[in-house]
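A short worksheet on the structure shown next.
The values are calculated or read from the model by the stated rules, or taken from the named source; none is laboratory data. Here the structure is a predicted model, which is why all the values come from computation and not from measurement. All Cβ positions, even for glycine, are placed from backbone atoms using ideal geometry, and neighbour counts span all protein chains on display. What goes into the accessible areas is simple: the full protein's heavy atoms, side chains included, and nothing from ligands, DNA or RNA. Shrake-Rupley method; radii C 1.70, N 1.55, O 1.52, S 1.80 Å.
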Amino acid sequence: PLALGLYTVNAVYGDTITMPCRLEVPEGLMFGKWKYEMPNGSPVFIAFRSSTKKNVQYDDVPDYKDRLSLSENYTLSIKNARISDEKRFVCMLVTEDDVSEEPTIVKVFKQPSQPEILHQADSLETEKLQMLGECVARDSYPEGNVTWYKNGRVLQPMEEVVVINLQKIVDKSTGLFTMTSSLQYMPTKEDANAKFSCIVTYYGPSGQKTIQSEPVVFDVHYPTEKVSIQVLSQSSTIKEGDNITLKCSGNGNPPPREFLFYIPGETEGIKSSDTYVMTDVRRNATGEYKCSLTDKSMMDSTTITVHYLDLQLTPSGEVTKQIGEALPVSCTISSSRNATVFWIKDNIRMQTSPSFSSLQYQDAGNYICETTLQEVEGLKKRQTLKLIVEGKPQIKMTKKTNTNKMSKTIICHVEGFPKPAVQWTVTGSGSIINKAKETKYVNGKFSSKIVIAPEENVTLTCIAENQLERTVTSLNVSAISIPEYDEPEDRNDDNSEKVNDQAKLIVGIVVGLLLAALVAGVVYWLYVKKSKTASKHVDKDLGNIEENKKLEENNHKSET
């Protein structure tokens, strides 16, 4: 490189400076020398080398003691480059007839330390010009320049908004510069998360370079401009018994710490921190909730609905009724939204609501009326009705001769609740028969059966007894040897209903046929009666004719 037309060596601070002698070695060279020039132009010799004796001598110059090295080709090296080494050095080659000289300019460069932002403001307030901090870069040569950035963009000076002041201080002992750039800044609310940094631009041996500081974010304080209220809840809906936490917040920095909460039914605001908790809320907590700053300057509101569900089953609990009685049942629902209601009987869901105009034994059971609000998680109510249908024992006895003609089966059909106890006796002897077999007790009905082979006519008695009454019924049974009408055995449950339906159909047909026969008989009777009346009239007329004939004959005889 050339500086002002002269050969220049660029060196890094602390490294070794190497300066070749750019002269051709002439014939008859006696020795070579190096010197540097003082600012006033006077020379200072620092190194000597003889061409004949090959010995090297270094002048007693304090700044270069133990730092110099002169090679055979007269290249001068200076260790541990300093800023003071920036001089004009001259290589001299001497013969008997001539002295040749070639100057070299030395330039020393030092990269500054990474800049850092010191004396940072603890916080910044909007609409106020204040010291943000100082960007410091040390030990630079030559001096560098400092530029401030915000979010990667250069901060240009602006009166009362951006004020930058740069100071450069030289260390006299080293000649190195320290650059300090202070920044005064008027922040806005948008600077809350802004990243501020500074960059030092300096020159090195290869040209211009830059070093950037670590970015810094400042705590920007600004007043609250808006408050907001929200409901903190684990569920999207609130039901009776839940806890409600209200949270009020302001968009200022730092945020407000105290607020006024306005609760439905309260005329004055309740002073609290940013949260207000209500436990085990009821339906009367439904309404509009508000919060504001303590000076009431700003306010926000929200509406809360506390969902509820009431169920009233009438009657409920354990209810005992008599068979045939009526029992009105109602399940009344009161809720904050439309509720779903369904009935369960003995763990089976019913298709319709129960209605009892005439209670039967099969109506007895455990009833549950249950209701839910589909939109509200966990809101469900139920009440139970345990229905007991009681009835006095009712007995019907039947008999039939078995197919083998060797025995007869006597059946006592019993209805009643609680389940009656059945006892068989033989009338006359009063003996008790203990070999009866009972069918399953279903819907208040069952039957007791005995098989006998009587050698003579007997009377059997069936006794059914529960807590309500004792019922006795007897049945005459002929001996096996005596033929008698065998009554069909009644069938229970579904078969009984089918037989009853078939019997009703047969009775209906028979009654219809009887009515038709009766009508036909009446018609026939009227027809016969009419025919007999007409016959009598004819006979009467014929009698009159014969009588007239006899009179005429008699008259003729008398005349004769």
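The figures follow:
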quantity	calculated
Test: residue in segment 98-116 that is part of a strand (DSSP E or B), farther than 30 Å from Thr75 by Cα and modelled with pLDDT of 95 or more	yes
Residue count for segment 226-255, restricted to those that are more than 24 Å from Arg337 (Cα to Cα) and surrounded by fewer than 19 Cβ atoms within 10 Å (Cβ to Cβ)	9
Qualifying residue in segment 376-386 (condition: surrounded by fewer than 18 Cβ atoms within 10 Å (Cβ to Cβ), without any contact (Cβ under 8 Å) to a residue 40 or more places away in the chain and closer than 30 Å to Leu313 by Cα)	no
Single residue of segment 21-57 satisfying the filter (in a strand (DSSP E or B) and among the hydrophobic types (A, V, I, L, M, F, W, C)) that is farthest from the chain's Cα centre (by Cα)	Phe31
Condition check for Thr303: under 32 Å from the mean Cα position of the chain (by Cα), within 30 Å of Thr188 (Cα to Cα) and β-branched (Val, Ile, Thr)	no
First in segment 37-59 and touching a residue at least 40 places away in the same chain (Cβ under 8 Å), second anywhere and open to solvent by less than 60 Å² (accessible area, probe 1.4 Å) and among the polar types (S, T, N, Q), Cβ under 7 Å, 6 or more apart	none
